[in-house]
Amino acid sequence: MSIIANVVVALVALIHVYILVLEMFLWDKPAGLRAFGQTREAAAASKVLAANQGLYNGFLAAGLAWGLMAGSQPFKVFFLACVIVAGAYGAWSVSRRIFWVQAAPAAVALGLLLASG
């Protein structure tokens with residue numbers, strides 16, 4: 001069970017690396033426009049804010065990676081909880097889709113992690 005939990009934690013980290021790339025580098029490119037349903041004008045106006053969001057997603061990914069490399073259950077639990085809170089807030093304030101992309105995978109990973117002891 002521990003291996004499965006760590007694989008899902010790694011997947012959550014990879015999701016956040018992908019979000020970092022979308023928000024920091026592809027925000028105003030076709031892939032970013034599609035992912036976030038934005039117009040070129042809206043993306044241009046919010047590009048700096050999106051890059052900042054992307055950086056924070058990178059910190060979440062880095063914290064999860066650190067927890068995996070160090071074998072630290074408390075680090076993984078803390079950063080998964082941060083992802084769940086961020087995803088829940090994003091779902092409430094921006095789009096329900098964020099819950100399914102961000103919070104739900106983190107909640108599954110957290111459940112598996114806690115069940116694995």
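A few points about this structure:
- Solvent-accessible area, 1.4 Å probe, carbon plus sulfur percent, for the chain: 73 percent
- Å² per residue, accessible surface of the stretch 39-114 at 1.4 Å: 60 Å²
- Sites matching trypsin sites (Lys or Arg not before Pro) across the stretch 59-117 that sit in DSSP coil, with at most 14 neighbouring C-beta atoms within 10 Å: ARG96
- Label-to-label distance, nm, for residues given as ASN52 and ARG96 (7 Å Cα→Cβ offset): 2.9 nm
- Gain on full extension, evaluated as 0.36 nm per residue between GLU41 and ALA104 minus their Cα-Cα distance, stands at 19.6 nm.
- Label reach from ILE4 (point 7 Å along Cα→C-beta): in the stretch 94-117, amide nitrogens under 20 Å belong to 104-117.
- Of all complete DSSP H helices in the chain, those with a Cα span along the helix axis of 27 Å or greater and a mean Kyte-Doolittle hydropathy of 1.0 or more are 2-24, 73-93.
The values are calculated or read from the model by the stated rules, or taken from the named source; none is laboratory data. The shown structure was predicted, so the numbers you read here are calculated from the model rather than taken from an experiment. Positions of Cβ are generated from backbone atoms using ideal geometry, with glycine treated the same way; all protein chains shown enter the neighbour counts. In case anyone asks, the SASA skips ligands and DNA or RNA and just uses the protein heavy atoms, side chains included. Shrake-Rupley method; radii C 1.70, N 1.55, O 1.52, S 1.80 Å.
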